[in-house]
Amino acid sequence: CPSKCQCLGGEANSRALCVDAALEDVPIQLNPETKYINLTVNRIRTLEFSLPFYMKLEILDLSQNIIETLGSKNFEYQSELRTLNLSRNLVSSLHKHAFKGLTNLLLLDLSFNRIETVHPTALSDLASLVELDLTNNNIVSLEDNCFKGMNTLEVLVFRNNRLLDVPASNLWHLHALKSLDMSLNLVEFVRNDSFEGLKELLALSVQGNVMSELDLSAFEGLISLKHLDLSDNNLTMVPTQQLSKLSNLTYLNLGGNRFSQLPAVAFLNLFHLRELHLSRLDFLQRIDSRAFVDNTHLQTLHLNNNPQLSDIPMRLFQGNPNILEVYMQSNSLQTLYSAQFPVDQLQKLYLGDNPLQCNCSLLWLWRLVTGNFEGVDPGMEHAAGGAVAALAKEADDEELADEATAVASTDDGVAALAAYIAEQHIVNALHTTEPSAYELATSSSNRNSGILRMDRQQIGCDIWRDKVRTRRKLLTMSEGEITCPAH
């Protein structure tokens with residue numbers, strides 16, 4: 001075992017940790033039976049001539065080195081390798097047969113390199129690959145057939161590259177793909193059938209591009225899609241018709257676009273939508289009262305930081321019997337009425353940092369914030385939220401029980417670790433909104449608790465006297481200050 005390395009795994013020395021060991025080459029004096037080598041944070045420049053010594057390798061971490069090229073066939077003898085981390089190096093291109101021999105590789109991390117070009121056959125040997133991470137490179141386009149033969153790929157990450165278009169001709173080959181991240185690129189336009197063939201895709205992010213338009217059939221074929229992020233683009237209208245084909249969608253983020261209004265039935269046919277994000281819409285001024293009528297399963301609405309939104313319609317949630325959480329913080333709302341919110345069923349209502357006017361219309365909100373229902377008809381109290389009179393302070397977030405994943409230190413443990421790492425990357429990438437058993441149990445408990453959680457400390461209103469505005473927190477005000485407005 002090299003002097004600056006730590007070799008573990010008993011007499012077999014099946015694991016070698018050579019982290020930050022000032023190595024300039026992959027050491028060749030390790031046990032040939034080694035299954036796990038960690039060489040992160042070193043000065044390794046090349047992979048030539050060293051890896052053939054380790055034919056039993058299952059996990060290899062070469063992240064944070066100064067590797068400029070992977071060459072060709074340097075992994076030819078690593079048929080047992082499951083996880084390969086080459087992130088944070090200086091690789092600028094992927095040559096022909098760069099990964100030849102890696103027939104059982106599950107996870108390949110090439111993030112934070114300088115990759116500009118990918119040879120059409122560079123990835124052709126990765127017949128078992130499940131996840132490919134190309135985050136933070138310089139890829140502008142891909143030649144046809146770069147992903148041909150990658151029939152098992154489930155997670156593909158192109159985040160923060162320089163892609164000008166959706167690589168449709170390459171995506172066609174990825175029939176098993178479940179998660180595609182193309183966020184933070186330069187895509188201007190999504191053409192018809194760009195994602196055709198991705199029938200298994202569950203999650204798609206095109207966040208942070210420069211899209212101003214979508215073809216009518218841009219999302220044709222995405223019959224399984226549940227999670228879609230189109231935030232931080234230049235869309236000027238809600239793409240109602242394009243989205244209407246995504247009948248299984250449960251999560252949609254359209255924040256940070258350029259909509260001026262949300263028209264009637266803005267989210268047509270999205271009957272299974274549960275979570276909707278419409279925040280940071282700098283030009284949003286109007287919401288039609290029927291905007292969400294088709295979204296009968298909607299549970300969570302985020303409508304924050306919309307500086308031109310000064311009012312909301314009276315019956316906005318008339319078609320949403322399952323709504324549980326409403327977030328409308330940091331808008332320009334001046335007046336709010338109890339009839340605008342189904343407070344009898346809500347679990348969370350966040351309305352802070354709006355320029356509300358201290359007038360009689362806020363009496364209901366003052367009662368909710370303070371929990372003061374003294375002298376109120378019991379029927380009104382029920383309408384205001386059931387057990388809302390017993391408003392609880394916001395509970396600290398409970399941490400889930402410790403993760404039940406223990407990897408044995410035996411040789412079999414290394415294989416288990418490789419599979420586990422790949423599996424966890426996939427789980428994390430498939431960030432759909434399917435609730436866990438814990439979330440379902442918690443939701444059921446909360447639904448029956450009668451507790452309405454609010455950002456009580458942030459909700460205030462403006463009192464004007466002699467043209468001077470005074471901002472007051474509802475929590476510190478008396479009922480008289482609400483019912484007797486000053487102008």
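A protection proxy built from the mean count of other Cβ atoms within 10 Å ranks the segments 473-482, 38-47, most packed first, as 38-47, 473-482. Count Lys and Arg as plus one, Asp and Glu as minus one, and take only other residues whose Cβ is under 15 Å from that of ASP311; the net charge is then +1. Taking only the C-alpha atoms of the stretch 1-153, Rg followed by Dmax gives 15.0, 49 Å.
Remark: for residue pairs LYS56/LYS100; LYS35/LYS178; LYS199/LYS245, the C-alpha separation exceeds 18 Å in LYS35/LYS178. Taking other residues whose beta carbon is less than 12 angstrom from the beta carbon of LEU134, and scoring Lys, Arg as +1 and Asp, Glu as -1, yields -2. With K and R counted +1 and D and E -1, the other residues having a Cβ less than 11 Å from that of SER194 yield a net charge of -4.
Computed over the stretch 73-184, the range of Cα coordinates on each principal axis works out to 36, 31, 20 Å, biggest value leading.
Bear in mind these aren't lab numbers, they're just calculated from the coordinates by the rules spelled out. None of these values were measured; they are calculated from a predicted model. Because the Cβ atoms are built from the backbone with ideal geometry, glycine has one as well, and the counts that use them run over all protein chains shown.
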